[in-house]
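The values are calculated or read from the model by the stated rules, or taken from the named source; none is laboratory data. Every value quoted in this text rests on a predicted model; they were computed, and no experiment measured them. Every residue, glycine among them, receives a Cβ derived from its backbone with ideal geometry; neighbour counts consider all protein chains shown. Ligands, DNA and RNA are excluded from the accessible area calculation, which covers all protein heavy atoms including side chains. Shrake-Rupley method; radii C 1.70, N 1.55, O 1.52, S 1.80 Å.
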Amino acid sequence: MRCVFCGGPLRSGTVTFSYDDEEAYVLVEHVPADVCAHCGEKVYSPAVADMLMEIAQKKTEPVKMLHIPVYDFTQAKRA
Ligand SMILES: [Zn+2]
């Protein structure tokens, strides 16, 4: 299979899927996907995409919580 965006070769592997849930940033680790070796585009199989939707909607207990530091580029000061 080839990447639909750039035509690069796809390699199967696992990725971390992320999405913005308005009040929370959510990560799903170890998601099987085909990743474009050229542009990094991730392609999920229909079954995996369905599962991701289910995880997003069910809001089950996460395996862990991370504290993520957030910076604002416009307020960054040079050292
Ligand atoms: Zn690509």
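Note that region 10-75 presents 85 Å² accessible area per residue, ligands and nucleic acids not counted, probe 1.4 Å. In percent, rounded to a whole number, the relative contact order of the chain is 22, using alpha-carbon pairs under 8 Å and six or more apart. The GluC sites (Glu not before Pro) found in region 3-32 that occupy coil by DSSP, while having at most 13 further C-beta atoms within 10 Å, are GLU22, GLU23. Bridging of LYS42 to aspartates and glutamates at a Cα separation below 16 Å is possible for GLU29, ASP34, ASP50, once same-chain residues fewer than 8 apart are set aside. Taking the 1.4 Å solvent-accessible surface of region 10-75 as the whole, the part contributed by carbon and sulfur is 55%. Extending 7 Å from Cα along the Cβ direction at LYS58 and again at SER18 yields two label points whose distance is 2.4 nm. Taking 7 Å steps out from each Cα toward its Cβ at VAL26 and VAL4 produces label points 2.2 nm apart.
Under the Kirkwood approximation applied to all pairs of distinct alpha-carbon atoms, what is the hydrodynamic radius of region 10-75 in Å?
13.7 Å
The chymotrypsin sites (Phe, Trp or Tyr not before Pro) of the chain that meet both conditions, a loop assignment by DSSP and at most 15 other Cβ atoms within 10 Å of the site Cβ, are PHE5, TYR71.
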